[in-house]
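The values are calculated or read from the model by the stated rules, or taken from the named source; none is laboratory data. Please read these numbers as outputs of a predicted model, since none were measured by experiment. Here the Cβ positions follow ideal geometry from the backbone for every residue, glycine too, while neighbour counts run over all protein chains shown. To get the accessible areas, we keep the full protein, side chains included, count just its heavy atoms, and leave off ligands, DNA and RNA. Shrake-Rupley method; radii C 1.70, N 1.55, O 1.52, S 1.80 Å.
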Amino acid sequence: MAEAYIVEAARTAGGRRGGKLRDWHPADMGGAVLDALVDRSGIDPAAIEDVIMGCVGMAGEQSFHIGRNCVLASKLPESVPAVSIDRQCGSSQQSMHFAAQAVMSGTMDVVIAAGVESMTRVPMGTPTKLPMEHGLGSPKSPKMEERYPGINFSQFMGAEMMAKKYGFSRDELDAFALESHQRAIRATESGAFDNEIVPLEIDLGDGKQMHTTDEGIRFDATMESIGSVKLLQEGGSITAANASQICDGSSGALIVSEAALKEHNLTPMARIHNLTITGGDPVIMLEEPIGATERALKRAGMKIDDIDLYEVNEAFAPVPMAWMKMIGGDHARLNVNGGAIALGHPLGASGTKLMATLLNAMKTRKARYGLQTMCEGGGLANVTIVEYLH
């Protein structure tokens, strides 16, 4: 089978809800990342055969085919097609999988996988809440109700269920959250994110500047400040401080064939080694990365000790903590530059965002194999294993 290579991976710095990226239309934000991938690789934009854009909140400014709109807001020619996909939080990780599969099948040679989410301008849950408020019904069908009677599918409830199932206390979750901020602070101050970030021009009223630092990092975070945040549910352990931050952002990766490397004189960053997607319990919902990782490692003929670095999305602290407990990895290799608790989780953009961070960390640390996984609404999980080509 043909190989698929990642040539470039980049992301915007995260913006807090109502923060520095509030004035950026999501199509323009996504278009800026598409432009950056073209500029950094030096490829002829007309050579791009498809753009696969992940997005969860496909309503309002993210409706009417956000993928195509990002292309039309970029320097790419009108001849470049696009598609918009939703695999919940794993949307742009699935974009990478579809892009790699297109290349590996031999049907395409140059594909951009990307994602975008403005959680300020299209608030979380809008595609569900807005129609329900206007009497247009609920996503839960009568047949689903028969199968899951009285169940309200909720990631927040799933996170509480995971904390209880795996025996994590509020203090343990808060300590994990604090470490996420501390790692993100070290990465920011050392310039570890510089190569992966696409600067966006912003105007905060006192002149224009470039947004290059993740806005969600709490540089003054302490156990006391994190511990003072109120519980989302009485008797629970999940708070806004030990969960991922609402975030605005975009990200993407340029994925090509071996023939395209030669034709366009491109230098690959990494080779796609394994692509895995699994489905599981849609009620607890968030523990599927555990089984998906086990399957991916088995299919790849690898053990977790063979993986040098791993990114496990910090949707809620119990997710990576349970993953570590069950997979048995080395905590020092997990989310080494911090995760979504500090850096933000721009839903449909998080997949390629994590890949940009993973690849840059692998380059710095001279790592060979990296693994990325993400819990997703509905009890789904993607796993991507890559080999860095130093």
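Go through the range 9-40 and report how many residues are in contact with a His (Cβ under 8 Å, 6 or more places away or on another chain) and among the small types (Gly, Ala, Ser).
First, pick out the residues of the range 9-40 that are in contact with a His (Cβ under 8 Å, 6 or more places away or on another chain): 12-13, 15, 20-21.
With the extra rule that they be among the small types (Gly, Ala, Ser), the set shrinks to 13, 15.
The number of residues fulfilling the criteria is 2.
Taking the criterion of being in contact with a Lys or Arg (Cβ under 9 Å, 6 or more places away or on another chain), under 28 Å from residue 26 (Cα atoms) and assigned to a helix (DSSP H, G or I), would at least one residue in the range 185-201 satisfy it? Outline the logic, then answer.
We begin by selecting, within the range 185-201, every residue in contact with a Lys or Arg (Cβ under 9 Å, 6 or more places away or on another chain); these are 185, 192-193, 195-198, 200-201.
Still in the running and under 28 Å from residue 26 (Cα atoms): 185, 192-193, 195-198, 200-201.
With assigned to a helix (DSSP H, G or I) added as a condition, the list becomes 185.
Within the range 185-201, one or more residues are in contact with a Lys or Arg (Cβ under 9 Å, 6 or more places away or on another chain), under 28 Å from residue 26 (Cα atoms) and assigned to a helix (DSSP H, G or I).
Check the range 347-356 and report whether any residue there is within 20 Å of residue 8 (Cα to Cα) and at pLDDT below 95. I'd like the intermediate steps shown before the answer.
Within the range 347-356, the first condition is being within 20 Å of residue 8 (Cα to Cα), and the residues that meet it are 348-356.
Right, trim to at pLDDT below 95 and you get none.
No, the range 347-356 contains no residue that is within 20 Å of residue 8 (Cα to Cα) and at pLDDT below 95.
From the list 176, 168, 193, 153, exactly one residue is open to solvent by 60 Å² or more (accessible area, probe 1.4 Å), touching a residue at least 12 places away in the same chain (Cβ under 8 Å) and not basic (Lys, Arg). Which is it? Even if it seems obvious, please write down each step before you answer.
Numbers: 176 fails: open to solvent by 60 Å² or more (accessible area, probe 1.4 Å); 168 fails: open to solvent by 60 Å² or more (accessible area, probe 1.4 Å); 193 fails: open to solvent by 60 Å² or more (accessible area, probe 1.4 Å).
Exactly one residue qualifies, and that residue is 153.
Here is a yes/no grid of residues against (1) touching a strand residue (DSSP E or B) at 6+ places or on another chain (Cβ under 8 Å); (2) hydrophobic (A, V, I, L, M, F, W, C); (3) outside any strand (DSSP E or B):
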position	(1), (2), (3)
11	yes, no, no
24	yes, yes, yes
33	yes, yes, yes
43	yes, yes, yes
64	no, yes, yes
69	no, no, yes
84	yes, no, no
96	yes, yes, yes
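Among the candidates 225, 250, which residue alone is among the hydroxyl-bearing types (Ser, Thr, Tyr), outside any loop (DSSP other than H, G, I, E, B) and within 30 Å of residue 82 (Cβ to Cβ)? Even if it seems obvious, please write down each step before you answer.
Working: 225 fails: within 30 Å of residue 82 (Cβ to Cβ).
Testing whether each residue is among the hydroxyl-bearing types (Ser, Thr, Tyr), outside any loop (DSSP other than H, G, I, E, B) and within 30 Å of residue 82 (Cβ to Cβ) leaves just 250.
Name the residues in the range 119-137 that are in a helix (DSSP H, G or I) and of a type in the set (A, V, I, L, M, F, W, C), would you?
Selection gives 130, 132.
Check 103, 116 and return the single one that is open to solvent by less than 60 Å² (accessible area, probe 1.4 Å), in contact with a strand residue (DSSP E or B) (Cβ under 9 Å, 6 or more places away or on another chain) and not in a helix (DSSP H, G or I). If you could, list the steps in order and put the result at the bottom.
Working: 103 fails: not in a helix (DSSP H, G or I).
The unique qualifying residue is 116.
Out of (1) in contact with a Leu (Cβ under 7 Å, 6 or more places away or on another chain); (2) among the small types (Gly, Ala, Ser); (3) at pLDDT below 95, the odd one out for residue 159 is which?
Condition not satisfied by residue 159: (3).
I'd like the full set of residues that are among the polar types (S, T, N, Q) and under 30 Å from residue 165 (Cβ atoms), limited to the range 200-239.
Pass one, the range 200-239, residues among the polar types (S, T, N, Q): 209, 212-213, 222, 225, 228, 233, 237, 239.
Within the range 200-239, 222, 225, 228, 233, 237, 239 meet the criteria.
Among the residues of the range 40-59 satisfying the criterion of being open to solvent by 60 Å² or more (accessible area, probe 1.4 Å) and under 22 Å from the mean Cα position of the chain (by Cα), which is nearest to residue 346 (Cα to Cα)?
Looking at residues that are open to solvent by 60 Å² or more (accessible area, probe 1.4 Å) and under 22 Å from the mean Cα position of the chain (by Cα), I get 58.
Regarding residue 210, is this residue more than 25 Å from residue 366 (Cα to Cα), touching a Gly at 6+ places or on another chain (Cβ under 9 Å), not in a helix (DSSP H, G or I) and not basic (Lys, Arg)?
Working: more than 25 Å from residue 366 (Cα to Cα): yes; touching a Gly at 6+ places or on another chain (Cβ under 9 Å): no; not in a helix (DSSP H, G or I): yes; not basic (Lys, Arg): yes.
Against the criterion (more than 25 Å from residue 366 (Cα to Cα), touching a Gly at 6+ places or on another chain (Cβ under 9 Å), not in a helix (DSSP H, G or I) and not basic (Lys, Arg)), residue 210 does not qualify.
I need a count of the residues in the range 211-246 that are more than 17 Å from residue 185 (Cβ to Cβ), of a type outside the set (S, T, N, Q) and surrounded by 12 or more Cβ atoms within 10 Å (Cβ to Cβ).
10
Can you run down the residue pairs with Cβ atoms below 6 Å, 6 or more apart or on separate chains, where the first is in the range 93-120 and among the aromatic types (Phe, Trp, Tyr) and the partner is surrounded by 24 or more Cβ atoms within 10 Å (Cβ to Cβ)?
Hits for this filter: 98/52.
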